[in-house]
Amino acid sequence: MAQQLMTMRSAPAYAGVTNFAHHHTGDAAAAAYLALGRAYLLDKRYAEASTNLRQAKQASDVLADYADYLAAEAENNSGNEQAAEALLHGFRDRYEDSIFDVEAPELEANVLLGMGDTPSAQKVLAEIKDEAGDLPNFELTEAKIAFALQQSAEAERLFKHLLLSH
């Protein structure tokens with residue numbers, strides 16, 4: 001049902017996964033709520049995404065890193081940077097083995113930029129430079145930070161490198 005929801009996102013698919021989530025507990029419910037949250041996120045229904053991702057985390061902590069990261073995306077996309085930052089701050093310390101160990105700081109840096117806190121964005125991004133320095137999203141965020149700091153020559157160099165390398 002979750003796979004069908006990801007590909008079709010029809011009303012019956014949402015209803016089936018919602019029914020499953022309501023009738024199960026623990027990891028099974030968490031997985032269903034996570035699928036619902038991801039589907040709502042894809043459909044740009046950010047409030048529903050956030051609600052379901054909170055429920056996923058409440059049902060089980062096994063998928064908590066997924067729930068927090070996706071909820072931060074939903075909050076950021078809806079313009080609620082403070083809520084996104086609350087979910088992302090300290091993410092790598094809470095979830096040391098998460099698959100989002102690079103993506104979460106990148107997203108946090110972008111959230112901080114959106115909040116006008118460029119120095120903090122720069123600091124967060126610097127923490128993952130060794131791991132992510134050549135990844136396109138990292139380079140784009142690095143260029144945006146340079147631009148926000150009015151380092152025009154560096155921003156231009158980074159944007160050109162990004163454009164020509166990826």
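Solvent-accessible surface of the stretch 72-112, averaged per residue with a 1.4 angstrom probe and all protein chains in place: 46 square angstrom. Protein-only accessible surface at a 1.4 angstrom probe places the residues Ile145, Ile99 in the order Ile99, Ile145, largest first. In loop segments of the stretch 36-116 as defined by DSSP, the GluC sites (Glu not before Pro) with at most 13 further C-beta atoms inside 10 Å of their C-beta are Glu96.
Only lysine pairs 8 or more places apart, or on different chains, with alpha-carbon atoms under 29 angstrom apart are counted in the stretch 1-144, and they number 5.
Given axes a ≥ b ≥ c from the Cα gyration tensor, I'd like to know whether the chain is rounded (a/c under 1.5), prolate (a/b larger than b/c) or oblate. Cα axes put the chain in the prolate bin. The largest accessible area among Asp68, Asp27, Asp117 belongs to the first residue in Asp27, Asp117, Asp68, and the rest follow in falling order (1.4 Å probe, all chains). Protection proxy ranking for 31-44, 147-160, using the average of other Cβ atoms within 10 Å per residue and placing the highest first: 31-44, 147-160. A simple count of charges around Tyr66, restricted to other residues whose Cβ falls under 13 Å of its Cβ and scoring Lys, Arg +1 and Asp, Glu -1, yields -4.
When Met115, Met1 are compared by accessible surface with a 1.4 Å probe, the order from highest to lowest is Met1, Met115. In terms of its C-alpha gyration tensor, the stretch 93-166 comes out oblate, because a/c is 1.5 or above while a/b does not outweigh b/c.
Straight-line cross-link partners of Lys160 among the aspartates and glutamates, defined as a Cα under 18 Å from its Cα and at least 8 positions apart when in the same chain: Asp134, Glu139, Glu142.
Rounded to the nearest 500, the helix-only mean residue ellipticity at 222 nm of the chain stands at -23000 deg cm²/dmol, with each DSSP H run of n ≥ 4 adding -39,500 (n - 2.57).
The values are calculated or read from the model by the stated rules, or taken from the named source; none is laboratory data. Quick caveat, the model's predicted, so the values are computed rather than measured. Because the Cβ atoms are built from the backbone with ideal geometry, glycine has one as well, and the counts that use them run over all protein chains shown. With ligands, DNA and RNA removed, areas are computed over all heavy atoms of the protein, side chains included. Shrake-Rupley method; radii C 1.70, N 1.55, O 1.52, S 1.80 Å.
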